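> Pasting in a structure now, in structure tokens, and then I'll have a few things to ask.
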Amino acid sequence: MARIRPAKFVHVVYRTRRFEAMLRWYATVFDARIQHQDPVLAFLTYDDEPHRFAFVNLSVIDPDGKQLDRSGVIGVDHVAYTYTSLRDLFENYAQLKELGITPYWCIHHGVTVSMYYGDPDGNQMEFQVDSYASNDEANAFMSGPHFAENPIGVEYDPDEWLARVRAGEPAERLLQRTVHQPVSPIRGTALG
């Protein structure tokens, strides 16, 4: 079988202790608007994509940390790539698993179903598929109560979902997040 490749590059997530300053800078430089902001997370976009930038406020999730410069904690959290279908995302998962490469975090964010991988240096990437057919629908979800209740997402078992996809379960049943709890802890190669 030919390798499955992502359809497009989607967004970048930054970890910062300069949360408000970063939001102002990106909003100014990219003429971006805030899609969602709470004390821990903010999502900004400059086009019809639900978000092009996301920011994690380390002053809230790691208040005792003192680092202000990029030293493995501050900086780019991950880059994201979108696949054209849920089947492509899970068949890619199966191909990579056969090569000994597995995700460290599988989570349904609500706007995406995502798998996070770390390269040998600990650089993180998100492979995802959009949960909604249009950006308007995704933007509506991000503005709604379920995203406000859980902007991180709910974890899932990729092997179970792979089996469901291969068994022919309609993608729509998996793409729409109907369970919003428990909120997953943020996981990542920099977080241990």
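The values are calculated or read from the model by the stated rules, or taken from the named source; none is laboratory data. Keep in mind it's a predicted model, so treat the numbers as computed, not measured. Because the Cβ atoms are built from the backbone with ideal geometry, glycine has one as well, and the counts that use them run over all protein chains shown. Heads up: the accessible areas ignore ligands, DNA and RNA and are worked out on the full protein's heavy atoms, side chains in. Shrake-Rupley method; radii C 1.70, N 1.55, O 1.52, S 1.80 Å.
> Step by step: first the residues of region 145-172, then only those that are without any contact (Cβ under 8 Å) to a residue 12 or more places away in the chain and of a type in the set (A, V, I, L, M), then the one that is least open to solvent (accessible area, probe 1.4 Å). Which residue is that?
Once the filter is applied, the top-ranked residue is ALA163.
> Sticking with this one: Residues of region 94-137 being more than 16 Å from the chain's Cα centre (by Cα) and open to solvent by less than 30 Å² (accessible area, probe 1.4 Å), which ones?
Once the filter is applied, which keeps residues that are more than 16 Å from the chain's Cα centre (by Cα) and open to solvent by less than 30 Å² (accessible area, probe 1.4 Å), region 94-137 yields ALA94, GLN95, LEU96, GLY122.
> Is region 79-93 home to any residue that is modelled with pLDDT under 90, under 22 Å from MET125 (Cβ atoms) and among the polar types (S, T, N, Q)?
For region 79-93, residues modelled with pLDDT under 90, under 22 Å from MET125 (Cβ atoms) and among the polar types (S, T, N, Q): absent.
> Can you tell me which residues in region 15-48 are modelled with pLDDT of 90 or more and under 16 Å from the mean Cα position of the chain (by Cα)?
GLN35, HIS36, GLN37, VAL40, LEU41, ALA42, PHE43, LEU44, THR45
> Hey, can you tell me all the residues within region 23-46 that are within 19 Å of ASN150 (Cα to Cα) and among the polar types (S, T, N, Q)?
GLN35, GLN37
> Something else now. Return only the number of the condition from (1) farther than 23 Å from ARG24 by Cα; (2) at pLDDT below 95; (3) among the hydrophobic types (A, V, I, L, M, F, W, C); (4) out of contact with any Leu (no Cβ under 8 Å at 6 or more places or on another chain) that PHE127 does not satisfy.
All conditions pass for PHE127, except number (4).
> Could you list, in sequence order, all residues of region 94-108 that are closer than 19 Å to ARG15 by Cα and either touching a helix residue (DSSP H, G or I) at 6+ places or on another chain (Cβ under 9 Å) or at pLDDT below 95 (or both)?
TYR104
> A follow-up question, please. Taking PHE127, is it in contact with a helix residue (DSSP H, G or I) (Cβ under 9 Å, 6 or more places away or on another chain) and more than 17 Å from TYR93 (Cα to Cα)?
Considered against the rule, which asks whether it is in contact with a helix residue (DSSP H, G or I) (Cβ under 9 Å, 6 or more places away or on another chain) and more than 17 Å from TYR93 (Cα to Cα), PHE127 comes out as no.
> Just to be sure I understand the filter: pairs with C-beta atoms under 7 Å, separated by 6 or more residues or on different chains, first member in region 173-192 and assigned to a helix (DSSP H, G or I), second member at pLDDT 90 or above. Which pairs pass?
What qualifies is LEU174/LEU86; LEU174/VAL113; LEU174/TRP161; LEU174/ARG164; LEU175/LEU86; LEU175/VAL113; LEU175/SER131; THR189/TYR104.
Residue by residue, here is whether (1) in contact (Cβ under 8 Å) with a residue 40 or more places away in the chain; (2) surrounded by fewer than 16 Cβ atoms within 10 Å (Cβ to Cβ); (3) over 24 Å from TYR81 (Cβ atoms); (4) not aromatic (Phe, Trp, Tyr) holds:
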| position | (1), (2), (3), (4) |
| --- | --- |
| ARG5 | no, yes, no, yes |
| PHE9 | yes, yes, no, no |
| ARG15 | yes, no, no, yes |
| PHE19 | yes, no, yes, no |
| GLN35 | yes, no, no, yes |
| PRO39 | no, yes, yes, yes |
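> Being out of contact with any Cys (no Cβ under 6 Å at 6 or more places or on another chain) and within 29 Å of GLU98 (Cα to Cα) is the requirement here; does VAL29 meet it?
Here the answer is no, as VAL29 does not meet what is asked.
> Something else now. Being under 13 Å from the mean Cα position of the chain (by Cα) and over 16 Å from ALA54 (Cβ atoms) is the filter here, so list the residues in region 138-160 that pass it.
Residues satisfying the conditions are VAL154, GLU155.
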